[in-house]
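Contents: one structure, followed by commentary.
Values in this text are rule-based calculations from the coordinates and carry no lab data. All values derive from a computational prediction rather than experimental measurement.
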Amino acid sequence: MTNSRAKGAAGERELAHELTLRGLLSRRTVQYSGKGDDSADLVVEGLALHVEVKRCEQIRLTEWLEQVERDSKGKAWVIFYRRSRGPWLVFMSLSLWVDDSQAAARSRALQRARIDAVVAEAARDGF
């Protein structure tokens, strides 16, 4: 395995671990299927996303966008990027970001409503 491939594989494992720590069950595709029909780098359970992982020093966004558009076959996609000693960054389309942001806002509002209901019930019960 070349150095860049080893670094890429290590980046995929690292990101899968980071996502799993944040409650998103994820795994490298190559470890189970050898890339197969879905050439995404990671599978995140429950998300219909084509995930590309880039663990390198240089941002080659145009090249990456061409690759992800080709490989995703029309599926929603996201590119995760990290350079040495840097944070993970996310590149995605505006429409996906808006959809994800709206879904996250709805989820937070639902969670807030549930908490408020529990607090109100506890207040009624004299707690």
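A compact table of results
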| read-out | value |
| --- | --- |
| Eligible aspartates and glutamates near Lys7 by straight Cα distance, threshold 19 Å, same-chain separation 8 or greater | Glu18, Asp41, Glu52, Glu57, Glu63 |
| Relative pair counts by distance (%), Cα atoms of the chain, 10 Å bins | 11, 36, 28, 12, 8, 4, 0 |
| Reachable aspartates and glutamates from Lys73, criterion Cα separation under 12 angstrom, eight or more residues apart if same chain | Asp37, Asp38 |
| Antiparallel %, DSSP beta bridges [both residues in the chain], to 5 | 55 percent |
| Projected area averaged over orientations for region 37-82, convex hull of C-alpha atoms, nm² | 3.2 nm² |
